1. May I ask you to give the solvent-accessible area per residue for segment 43-124, in square angstrom, as obtained with a 1.4 angstrom probe?
2. Scan around ILE109 for amide H atoms under 5 Å from its own, H built in the peptide plane at 1.01 Å from N, and keep only partners 5 or more places away or cross-chain.
3. Cα-based Rg (one decimal) and Dmax (whole number) for segment 84-170, in Å?
4. Could you calculate the FRET efficiency of GLN87 with ALA117 from 1/(1 + (r/R0)^6), where r is the beta carbon distance between them and R0 is 30 Å, rounded to 0.05?
Amino acid sequence: MVEIVSLEEGFAYDAWANLRWLEAFRAAGIDLGASRRLLLHQGPWPDFPAGPPEVRATAVFIHILWAQRIWAERCGALVQVPEEPVQWIEAMGQAWSRLQSDCAEDQPIAYRNMSGAPFEQPFGVIARHVLFHGAYHRGQIREIFQGIAPDAIPATDFIGLYMERGAGNR
């Protein structure tokens, strides 16, 4: 089987895209540091608020981070929760890197969803779900940012990571 994008590449992209969005929040004057309460105490699946777009975009971004943590913990990682979003992103990258070393892609992972129902999926399926989940929600943030700070919207297409690294001009 030819693997088009490895999990390692996927998580490198995911961290890169999340860090670019973190910069966009700052450029738009949205202080995610003020959302530490959400980072430290809110679970992974909040009801996204219907309030101002800044609040909605923040909630969606924090949802991405929380979901990464919950799935990593379901796969067996012990994740320390830093207070700063950039540290959270770095910690998640380290946790997923360790999991990739410790788990075979076809290794079954038993877990319970937020309602307590039991499930089992291969590690590789869960890891890819986390990657696609983040991309999906970053698309939502992009839509919200159209009304906040359209000039701050980062280009986070996967190929952009390679172009930024200088590998995309072949």
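The values are calculated or read from the model by the stated rules, or taken from the named source; none is laboratory data. This is a predicted model, so every value here is computed, not measured. So basically every Cβ, Gly included, is an ideal-geometry build from the backbone, and we count neighbours across all protein chains shown. All accessible areas refer to the heavy atoms of the entire protein, side chains included, with ligands and DNA or RNA removed. Shrake-Rupley method; radii C 1.70, N 1.55, O 1.52, S 1.80 Å.
1. 51 Å²
2. GLN121, PHE123
3. Looking at segment 84-170, its Cα Rg and Dmax stand at 16.7, 49 Å.
4. E between GLN87 and ALA117, to the nearest 0.05, is 0.40.
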